[in-house]
Amino acid sequence: MNALITMQTHAENYLTERRRLGFALRSPGYSVTSFARYVDALNLQEPLTVEIMADWARHDKGNSDKPATWARRLKNLRSFTRYLQQFEPRTEVPDDSIFGRIGQRLAPHIYSEQEIIDLLAAAHNLGSFIPGLRGATYETLFGLIASTGLRISEALHLLDLDVDLKSGMLTIRQTKFAKSRQVPMHPSTVEVLRQYRSQRNLHIEVSDETPFFVGTRGRHLGHALDSRQVHRVFIGLRDQLGWINRGAHNGPRIHDLRHTFVVRRVMLWHAQGVDVDPQMLALSTYVGHAMVTNTYWYLTGVPELMAVAAAKFEAFTQVPEVCHV
């Protein structure tokens, strides 16, 4: 490593560059900065090794004795160490062999079409001091997530100006990865949003800054929906409907509507004989994934898509070999 440049300077340059690309890097940023201070204190004259990184990982502030904690800290250094290789090619990159693999993502509950229909019907019947408005709010909210794959936070943060029903476009501002994107909608979704907006506007004063989805009770009327309240309403509906959980979480979640959107889209492509690989980047962009690998995870992490892949492989193995004379 160039002795004229401190590791803390490299860390600052790296984090600035990554954040400019839209990555928040809260936890990784803390780890990279901590590691840089640790390395500078050692006054090293040799390339960074995984042993040095492992020693740093073991000495966290909480004095944890859990290898899983050390593994998470080490994982936060991977992109940074790859960045450092442009200055010192002999810099090593830590992998899972040091402290073991971190827990894998849990398989989601993938909703059937009937389950989504039942959810929207149950939401529609929610009572309110203003007849029909509360039910319309939750029915439209859950339906929008199911039909576009939005994150619940993205849907709740929509302002009235973000919903362009003329062009059929949503503007999602400053998302999970500090990026904005536009989300085209199906005409049927646009029509439902139009009906909800008309019903909502009968009861509140509207400006561009008005939340698209509003509370309907008392002092909450016209204000943004509270995320915790939305989850409480969903859990009540879930318990009422008595679904059988097919995921690895404690029960079906709102976020699983987003997972279902992605899975159903890929399954449709398979059914239509579409080459999936060229479409994955577009899907990744549409749902706002930071990396296309997050979208490819569904192919191996969701039973429904694993079954499709297995069936295709089985069909492939049964194709007779061609003899070339």
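The values are calculated or read from the model by the stated rules, or taken from the named source; none is laboratory data. Keep in mind that this is a model prediction, so the values were computed, not measured. Quick reminder, even Gly has a Cβ in these numbers, built from the backbone with ideal geometry, and neighbours come from all protein chains shown. Accessible surface is based on the protein model in full, side chains and every heavy atom, while ligands, DNA and RNA are left aside. Shrake-Rupley method; radii C 1.70, N 1.55, O 1.52, S 1.80 Å.
Against the main long axis of the alpha-carbon atoms of the chain, helix 276-287 sits at an angle near 70°. Computed about its Cα centre, the charge dipole of the chain is approximately 740 debye, with only Lys, Arg, Asp and Glu carrying charge at their Cβ.
Solvent-accessible area assigned to carbon and sulfur over the chain amounts to 54 percent, based on a 1.4 Å probe.
State whether segment 103-193 is rounded, prolate or oblate according to the following rule on the C-alpha gyration tensor (a ≥ b ≥ c being the square roots of its eigenvalues): a/c under 1.5 gives rounded; otherwise a/b larger than b/c gives prolate, and the remaining case gives oblate. It comes out oblate by the Cα gyration axes. Between rounded, prolate and oblate, where does segment 197-274 land on the alpha carbon gyration tensor, with a ≥ b ≥ c its root eigenvalues, rounded for a/c under 1.5, else prolate if a/b exceeds b/c? Oblate.
When volume of the Cα convex hull per residue in Å³ is calculated for this entry, the matching label among (i) 213; (ii) 136; (iii) 167 is (i). Between Leu106 and Asp40, the contour length at 0.36 nm per residue exceeds the Cα-Cα span by 19.9 nm.
Before rounding to the nearest 500, sum -39500 (n - 2.57) across all DSSP H runs of length at least 4 in the chain and divide by the residue total; then give [θ] at 222 nm in deg cm²/dmol.
Value at 222 nm, helices only, nearest 500: -16500 deg cm²/dmol.
Each other residue within a Cβ distance under 10 Å of Leu119 adds +1 if Lys or Arg and -1 if Asp or Glu, for a net charge of -2.
Shape class of segment 35-138 from the alpha-carbon gyration tensor: prolate, with a/c at 1.5 or above and a/b greater than b/c.
With +1 on the Cβ of every Lys and Arg and -1 on the Cβ of every Asp and Glu, and nothing else charged, how large is the dipole of segment 37-117 about its Cα centre, in debye rounded to the nearest 20?
Rounded to the nearest 20 debye, it is 160 debye.
Accessible area per residue for the chain, computed on protein heavy atoms with a 1.4 Å probe, is 57 Å². The GNM of the chain, with springs linking C-alpha atoms under 10 angstrom apart, assigns the highest mean-square fluctuation among Leu257, Leu158, Leu77 to Leu77. When +1 charges are put on Lys and Arg Cβ atoms and -1 charges on Asp and Glu Cβ atoms, the dipole computed for segment 20-84 relative to its Cα centre reaches about 420 debye. Give me the one-decimal nm value for the distance between modelled label points at Gln8 and Ala24, 7 Å along each residue's Cα-to-Cβ direction. Distance between the two pseudo-spin positions: 2.6 nm. A simple spin-label model places pseudo-atoms 7 Å from Cα toward Cβ; at Ala121 and Arg265 they are separated by 2.8 nm.
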